[in-house]
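Inspection log for the structure reproduced underneath, given as structure tokens.
Quick note: the coordinates plus some simple rules give every number you see, no bench work behind them. Values in this document were obtained by computation on a predicted structure and should not be read as measured data. For neighbour counting, all protein chains shown are included, and Cβ atoms are generated from backbone atoms with ideal geometry for every residue, glycine included.
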Amino acid sequence: MQILRKPPYPLSATYDVPEASTDYIVVIKDQSKDEIIDEQTIESGLNSKLIYEISDSLSKYDDSYSLEIYEDNGGDLGEIVVEDTLEIVRPYIDPASLGTTATEISEYTDYEKLARALIDSVTGGFYFNTKDLEVVGQGTDYIPLWNRTYKILEVYENNVLVYDSSDTVNGPALYDWNYIIIKDKSAITKEPASGAQEFNRSEQQQLNIRVAPSDSYELFDTEDSGNIYTISSGVVFPKGYDYGFKVEQGYKVVPNDIKDAALMLINDIKCGKLDYYKRYIVNYSTDQYRMQIDKSAFDGTGNILVDKILDKYKINITQPGVL
């Protein structure tokens with residue numbers, strides 16, 4: 001079931017269950033981790049329908065969850081009666097703003113879903129969600145970001161929680177460092193929790209230059225070894241350290257030009273204008289006719305104006321890597 005993430009809140013999902021006026025246990029799981037996010041005991045109505053009210057934490061982001069409804073066996077999970085995918089997504093344009101009657105709104109809801117799918121196939125989507133980033137320190141003062149990132153929610157360093165934005169008592173910095181997104185939104189860095197101070201950050205890993213043994217000082221306590229340590233300033237993301245970031249990414253609001261593009265596609269779908277064979281024919285001959293369609297017919301949405309709008313949002317690099 002797909003629930004449109006739009007006012008009024010709270011959002012709710014309605015499911016048919018076997019019996020009326022009966023307690024059932026609703027379990028919501030994270031699909032990627034198979035972890036239980038929410039569990040509620042809800043009584044079905046007289047019409048054998050169960051209404052699950054979606055919590056604020058789930059309504060805030062666009063995501064898909066595994067939903068299971070069980071019989072309530074004295075507080076324990078009984079037989080499963082419903083199994084579904086609960087998808088919470090924000091529409092690019094509110095279908096209720098396009099129609100007046102319930103029938104029209106239902107039709108525009110279907111049109112908007114299809115128009116959104118066409119836009120997503122070109123751009124990757126304009127959603128707002130959370131994402132887990134697993135990275136390894138490279139001996140610099142920056143962790144690069146490849147997507148639009150708004151906020152750092154949690155940080156783990158070598159499997160230890162070191163930053164928690166939801167901790168209003170001890171946090172968000174649980175140790176000596178705050179984790180911040182730099183002003184151009186291209187990377188994550190750290191700054192001392194005690195306050196701002198002069199800091200010359202390292203954009204690249206420093207050279208590993210060995211130094212000769214010295215009789216003047218020792219950097220480690222061994223009698224029979226020379227000093228071969230590298231003399232260099234430290235970095236905030238040491239090489240080989242494991243970091244886990246939970247961040248908010250995507251678009252908090254849908255760009256206005258994407259709303260315009262969605263509306264144009266909705267009108268095209270409603271009027272039946274998305275006929276590729278009419279728009280991309282480059283050669284046509286008779287005598288048991290032969291028709292040739294330009295290959296660009298399969299590269300866009302079918303609307304040239306919409307394709308031009310989406311050009312600046314195309315993602316050419318889908319997975320960071322090294323050539």
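Amide H to amide H under 5 Å from L145: which residues, 5+ apart in sequence or cross-chain, H placed 1.01 Å off N in plane?
The list, which skips near neighbours in sequence, is A187, I188.
So, in nm, how far is label S59 from label E79 when the simple model puts each one 7 Å beyond its Cα toward the Cβ?
Output for this residue pair reads 3.4 nm.
Calculate, in nm to one decimal, what R148 and S194 gain on full extension: separation in residues at 0.36 nm each, minus their alpha carbon distance.
On the way: separation 46, 0.36 × 46 = 16.56 nm, distance 2.83 nm.
Full extension of this stretch gives 13.7 nm more.
Kindly identify region 25-132 as rounded, prolate or oblate by the Cα gyration tensor criterion: order the square roots of the eigenvalues as a ≥ b ≥ c, call it rounded if a/c is under 1.5, otherwise compare a/b with b/c, prolate if a/b is larger, else oblate. Mind showing how you got there, number by number?
On the way: a/c = 2.72, a/b = 1.49, b/c = 1.83.
Taking the square roots of the gyration eigenvalues as a ≥ b ≥ c, region 25-132 is oblate.
Assuming R0 = 30 Å, what is the FRET efficiency of Q2 and I182, from their Cβ-Cβ distance, to the nearest 0.05? Walk me through the intermediate numbers first.
On the way: r = 36 Å, r/R0 = 1.20.
About 0.25, to the nearest 0.05.
Please arrange D56, D120 by counting, for each residue, the other beta carbons lying within 10 Å of its beta carbon, fewest first.
On the way: D56 9, D120 13.
Ranking D56, D120 by Cβ neighbours within 10 Å, fewest first, gives D56, D120.
With θ set to phi - 60° and the Karplus curve 6.51 cos²θ - 1.76 cosθ + 1.60, what are the ³J(HN,Hα) couplings of region 46-54 in order, to the nearest whole Hz, using x for Gly and Pro?
With the stated coefficients, region 46-54 comes to 5, 9, 6, 10, 10, 10, 9, 8, 7 Hz.
Which lysines, on any chain, are close to K29 with Cα under 27 Å apart, when same-chain ones fewer than 8 places away are left out?
Cα-Cα hits under 27 Å: K6, K49, K60, K113, K131, K151, K246, K252.
Once the piece of chain linking K131 and C271 is laid out straight, how much longer is it, given 0.36 nm per residue of separation minus the C-alpha distance between them? Can you show the working numbers first?
On the way: separation 140, 0.36 × 140 = 50.40 nm, distance 3.82 nm.
Difference between extended and current length: 46.6 nm.
Highest mean first, how do 246-257, 89-100 rank when packing is the count of other Cβ atoms within 10 Å averaged over residues?
Values: 246-257: 15.2, 89-100: 17.6.
Put in order of decreasing packing, that is 89-100, 246-257.
Pull out the extension gain between S48 and V160, defined as 0.36 nm times the separation in residues minus the alpha carbon to alpha carbon distance; nm, one decimal. Don't jump to the answer; show the numbers that get you there.
Working: separation 112, 0.36 × 112 = 40.32 nm, distance 4.65 nm.
Using 0.36 nm per residue and subtracting the Cα-Cα distance, I get 35.7 nm.
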